[in-house]
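Working notes for the structure below.
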Amino acid sequence: MNIGKISEVVDRHDAKLSMAHLTVSFTALFLGAIAGLLQTLVRSGTVTLPAGIGYYQLLTAHGVLLGLVFTTYFIIGFLYAGISRTTGKLFDIPRRAGWYGFYMMTIGTILGVIMVLLNKATVLYTFYAPLQASPWFYIALTLIIVGSWISGGGMFRQYYIWKKLHKGQLSPLISFMAVMTMLLWLIATIGVAVSVLFQFIPWSFGWVDTINILLSRTLFWYFGHPLVYFWLLPAYICWYAIIPKIIGGKIFSDSLARLAFVLFLLFSIPVGFHHQLLESGISPFWKYLQVVLTFMVIIPSLMTAFSLFATFELTGREKGSKGLFRWFKELPWKDARFFAPMMGMLIFIPAGAGGIINASNQLNQVVHNTLWVTGHFHLTVASSVALTFFGIGYWLVPHLTGRKLTSQMHKLANIQTILWVVGMFFMSGAMHTVGLFGAPRRTSYTTYNDHPDALGWIPYEVAMAIGGSILFIAILLLMYIMVNLGLFAPKGVEEFPIGELAQGAEKTPAILENWKLWIGITVALILFAYTIPLIDMIQHAPPGSQGYKLW
Ligand code: HAS
């Protein structure tokens, strides 16, 4: 019986489970990037694809494969590896749950991609009604969500057994963070599961004639904003618990890191209306309340920024750096395991600032549904999160496959990071700018071209195309690196870096692991923020929409 012995290396069986997830994740990244490149070429009229493959179909494939598949598989693979590394070899049920969840998610993913490729689900990754996809697309989404719940259940089980075996002990930081991430995901996905099961599937099978659009979008955004923190928190796990080891420093504060994750659980869910500020049918009071809660969810990110700066400065000082900023030089800029996530952190400064602008009700009137928002999430998830995931992959893939991260791959990975930053500077920079001029998002060239100002937007279109092409080259380079690290790099043991706590750091209060308390407050906040507006949407629903059948 495994007694939760910690080893420096993830158990081989557990490594296989994580690698299965990372393989699907990077495959989805590659396919999603191809869809991204093609959509740019089709949208600008440069290319006409066979079988009438259109812009919106490619945009749906791009969003689903990158926003949902690449991220979810990477996160579950990374969290399982982290839990195994810090609580010991997976027990039987957690590992089995991991595989059951993987197979269910993968069946759902394959079914969903087939529906998109057959042009039976050209509804974009947010699948807004009244656009109606094939019922099999919604069934595919259900399989992915239920599969991820099973995987999350496996992680909860592993954590529970470890706590039983180590009574009264504080759980390892990474395993606490992994459980918090999956708990946030579980609570958030309830919204989209209810909407898909009780609205979209009956409606698309024709069992009901109409759908309450406002209710379906509200349930989506109940899920949609915490979705971004489901993406962000694994990046924060790397920034808080792994980067300090890579830079030769210590974790600044265990309790601050755990408190940040608790605050994300509490405040990331009751804020979905900030995606619906321009939507009719929701009273201004409830929009205002959820904007206030949105500004609460900014606090753990600001705490993270502070904690990271402290970690970097303390490490630099311990290495003898003097002066206000000399510690900056002491950071291991040539180490891809640090350089990629660090570029992600730096990008997150403007990215987060953009989020604050989005959330500011009056400013949102200017940016909503423009390319500004597209620019925002190409900085947040497609840079801060993606670059951190790439940085994790550079050591995690060789660690899991029993190989070494060679100096040659370090150099290529640093080049990949620079290409990504340059490409995103052009693409996201142009999106932010032209979005401020009112350029709409999610519009194919024809409608876009009819806009009276479209002529003035052409330079920004060119900048986006240049940026997108550089990003595509960066993806090809990333694929080469990951295949090399997984299959061809020299055999050996690549470290799974885990930071130690700084001397003198405060003892972590046990209350931070009081799950009943935090789940209770989370549910109370959700009920407070959503009960009345949801009742209102159902009681005073306008006549339901028949919708537009796209399949
Ligand atoms: Fe957002 C739309 C508001 C964060 C992703 N967001 C989106 C969409 C996506 C997305 C995908 O309020 C589009 C959805 C769609 O398709 O319609 N967002 C926010 C706010 C935050 C935020 C307030 N977003 C994210 C993150 C994402 C993400 C994270 C993905 C991972 N977002 C919005 C709003 C909309 C929106 C509205 C709807 C717009 C509309 O009208 O449709 C906050 O969480 C941001 C807080 C973060 C900060 C930055 C802290 C900085 C840190 C790094 C420090 C750097 C260091 C480096 C330490 C305040 C932590 C060291 C440096 C040295 C020099 C040593």
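The values are calculated or read from the model by the stated rules, or taken from the named source; none is laboratory data. Just so it is clear, the model here is predicted, and its values are computed rather than measured. Don't worry about glycine lacking a Cβ; one is built from the backbone with ideal geometry, like all the others, and counts go over all protein chains shown. Side chains included, ligands, DNA and RNA excluded: accessible areas come from the protein's heavy atoms. Shrake-Rupley method; radii C 1.70, N 1.55, O 1.52, S 1.80 Å.
Observations, loosely collected:
- In region 484-504, the residues that are within 16 Å of Ala257 (Cα to Cα) and open to solvent by less than 30 Å² (accessible area, probe 1.4 Å): Gly499, Ala502
- Among the numbered conditions (1) over 21 Å from Ala430 (Cα atoms); (2) within 6 Å of the ligand (Cβ to nearest atom); (3) touching a residue at least 24 places away in the same chain (Cβ under 8 Å); (4) open to solvent by 30 Å² or more (accessible area, probe 1.4 Å), the only one that Phe312 does not meet is (4).
- Filter result for Leu379 (free of Cβ contacts under 8 Å to residues at least 24 places away in the same chain and within 20 Å of Ala439 (Cα to Cα)): no
- Residues that are more than 6 Å from the ligand (Cβ to nearest atom) and open to solvent by 20 Å² or more (accessible area, probe 1.4 Å), drawn from region 294-307: Phe295, Met296, Ile299, Met303, Phe306
Conditions tested, residue by residue: (1) within 20 Å of Ser428 (Cα to Cα); (2) open to solvent by 10 Å² or more (accessible area, probe 1.4 Å).
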position	(1), (2)
Leu22	no, no
Thr27	no, yes
Leu37	yes, yes
Leu65	yes, yes
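- Selection count where residues are of a type in the set (Ser, Thr, Tyr), surrounded by 19 or more Cβ atoms within 10 Å (Cβ to Cβ) and over 14 Å from Gly152 (Cβ atoms), scope region 79-122: 5
- Those residues of region 346-364 which are open to solvent by 30 Å² or more (accessible area, probe 1.4 Å) and within 6 Å of the ligand (Cβ to nearest atom), in sequence order: Leu346, Phe348, Ile349, Ile356
- Selection over region 150-182 of residues that are open to solvent by 10 Å² or more (accessible area, probe 1.4 Å), not hydrophobic (A, V, I, L, M, F, W, C) and not in a helix (DSSP H, G or I) gives a count of 5.
- Region 516-529, residues that are hydrophobic (A, V, I, L, M, F, W, C) and surrounded by 18 or more Cβ atoms within 10 Å (Cβ to Cβ): Trp518, Leu525, Ile526, Ala529
- Verdict on Val367 being touching a residue at least 60 places away in the same chain (Cβ under 8 Å) and more than 10 Å from the ligand (Cβ to nearest atom): no
- A count restricted to region 321-340 and to residues that are assigned to a loop (DSSP other than H, G, I, E, B) and not polar (S, T, N, Q) stands at 9.
- Scanning region 260-284 for residues that are open to solvent by 10 Å² or more (accessible area, probe 1.4 Å), part of a helix (DSSP H, G or I) and more than 14 Å from the ligand (Cβ to nearest atom) yields a single hit, Pro284.
- Any helices (runs of 4 or more DSSP H) falling wholly within region 1-88 and containing at least 3 residues that are over 20 Å from Ala235 (Cα atoms): 12-43, 55-63
- Of the set (1) open to solvent by 10 Å² or more (accessible area, probe 1.4 Å); (2) within 11 Å of the ligand (Cβ to nearest atom); (3) not β-branched (Val, Ile, Thr), all apply to Pro202 but (2).
- Any hit, region 512-519, residues being within 30 Å of Leu314 (Cα to Cα) and either part of a helix (DSSP H, G or I) or not aromatic (Phe, Trp, Tyr) (or both): yes
- For Leu379, the test of being within 17 Å of the chain's Cα centre (by Cα), open to solvent by 20 Å² or more (accessible area, probe 1.4 Å), closer than 16 Å to Leu471 by Cβ and within 14 Å of the ligand (Cβ to nearest atom) is passed.
- If you check Ile247, Ile242, Ile237 for being touching a Ser or Thr at 6+ places or on another chain (Cβ under 7 Å) and more than 10 Å from the ligand (Cβ to nearest atom), only one passes: Ile247.
- Among the candidates Ser469, Ser428, residue that is assigned to a helix (DSSP H, G or I), open to solvent by less than 30 Å² (accessible area, probe 1.4 Å) and in contact (Cβ under 8 Å) with a residue 12 or more places away in the chain: Ser428
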